[in-house]
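Working notes for the structure below.
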Amino acid sequence: MARKRSSKSRRIAANDSVVVIGLGRFGRSLATELVEEHTEVLGIDLDADTVQSMSGVLTHVVRADSTKEEVLRQLAVHEFTRAVVSIGTNLEASILTASLLVSFGIPDVWGKATSEAHGRILSQLGVHHVVYPEHDMGQRVAHLVRGRMLDYIEFEDDFALVKTRTPSEMADRTLAQSAIRTRFGLTVVAVKRPGEGFTYATADTVLRPDDTVIVAGRTEQTERFSELH
């Protein structure tokens with residue numbers, strides 16, 4: 001049964017907390033990571049076993065029906081400034097919950113979508129950020145499998161950040177000499193020597209064969225650069 005939070009908890013919620021609704025695999029991972037980063041988290045799920053398993057892991061965790069407005073208000077969800085709807089298997093519950101959060105006027109609502117149609121509905125409801133965890137992870141892994149990328153992050157508007165090795169043709173040359181920006185339209189952001197940490201790159205930075213580099217630019221160009229040998 002939903003329990004009313006104390007006024008102290010409500011003040012925390014308004015300032016520096018996140019409510020995560022739906023504690024499936026994605027929701028649990030997200031909520032746990034937030035707690036590890038010292039963020040207060042209220043977790044809500046309808047399944048009693050799931051709630052029990054997260055007890056002591058999250059700051060607050062309750063078993064409740066997130067499709068009921070009165071229940072969410074009892075939990076002071078309307079006072080949060082950040083909320084995540086991570087319900088994946090029940091489309092109706094995801095949509096109803098997201099609609100309530102938006103109607104509360106919460107300024108930063110995130111929604112997990114399991115399909116493009118689901119994502120469109122969440123966006124039309126007014127959800128500020130729609131994420132596709134399975135699709136995005138599959139896309140990211142595909143890029144890593146295809147090329148020499150060590151890591152890959154794609155942002156909106158066809159822009160990516162890629163971690164890769166120094167192409168052999170550019171080894172032992174400065175960034176100015178290799179003309180990476182002119183040839184590929186990319187910016188080398190940072191360089192890492194073996195056994196050292198990353199340092200910001202400059203025009204005078206010399207790329208060594210065993211260096212790890214981070215480059216930023218259009219997705220297609222970063223892919224081309226990472227495939228050089």
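The values are calculated or read from the model by the stated rules, or taken from the named source; none is laboratory data. Note that the structure is a prediction, hence the values are computed from the model and not measured. For neighbour counting, all protein chains shown are included, and Cβ atoms are generated from backbone atoms with ideal geometry for every residue, glycine included. In case anyone asks, the SASA skips ligands and DNA or RNA and just uses the protein heavy atoms, side chains included. Shrake-Rupley method; radii C 1.70, N 1.55, O 1.52, S 1.80 Å.
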* Out of all the residues in the range 111-125, is one or more in a strand (DSSP E or B) and within 21 Å of the chain's Cα centre (by Cα)? -> yes
* **Checking residue 191 against (1) assigned to a loop (DSSP other than H, G, I, E, B); (2) more than 30 Å from residue 130 (Cα to Cα), the condition it does not meet** => (1)
* Structure fact -> When the range 34-66 is checked residue by residue, the ones that are more than 14 Å from residue 83 (Cβ to Cβ) and among the hydroxyl-bearing types (Ser, Thr, Tyr) are 50, 53, 55, 59
* Asked: Which of the residues that make up the range 197-210 are buried (at least 19 other Cβ atoms within 10 Å of the Cβ) and charged (D, E, K, R)?
  -> none
* Inside the range 85-104, can you point out the residues that are outside any helix (DSSP H, G or I) and modelled with pLDDT of 95 or more? -> 85, 104
* Quick check: anything in the range 52-62 farther than 29 Å from residue 135 by Cβ, among the hydrophobic types (A, V, I, L, M, F, W, C) and modelled with pLDDT of 95 or more? -> yes
* **Residues located in the range 47-81, provided they are outside any helix (DSSP H, G or I) and open to solvent by less than 30 Å² (accessible area, probe 1.4 Å)** => 58, 61, 62, 64, 66, 75, 76, 80
* For the range 183-220, name all the residues that are among the β-branched types (Val, Ile, Thr) and modelled with pLDDT of 90 or more. => 187, 188, 189, 191, 199, 202, 205, 206, 212, 213, 214, 215
* To do: Determine the pairs where a residue that is in contact (Cβ under 8 Å) with a residue 40 or more places away in the chain and closer than 12 Å to residue 207 by Cα, located within the range 173-184, has a partner that is open to solvent by less than 70 Å² (accessible area, probe 1.4 Å) and among the aromatic types (Phe, Trp, Tyr) with Cβ atoms under 8 Å apart, the partner being 6 or more residues away or on another chain.
  => 180/225
* Just checking, which of 111, 185, 105 is closer than 26 Å to residue 47 by Cβ and of a type in the set (Gly, Ala, Ser)? -> 111
* Asked: Which condition number in (1) open to solvent by 30 Å² or more (accessible area, probe 1.4 Å); (2) assigned to a loop (DSSP other than H, G, I, E, B) is the one that residue 23 fails?
  -> (1)
* Of residues in the range 154-196 being over 12 Å from residue 226 (Cβ atoms) and among the aromatic types (Phe, Trp, Tyr), the one least open to solvent (accessible area, probe 1.4 Å) -> 159
* To do: Answer yes if at least one residue in the range 131-147 is more than 23 Å from residue 82 (Cα to Cα), at pLDDT below 80, assigned to a loop (DSSP other than H, G, I, E, B) and open to solvent by less than 80 Å² (accessible area, probe 1.4 Å), and no otherwise.
  => yes
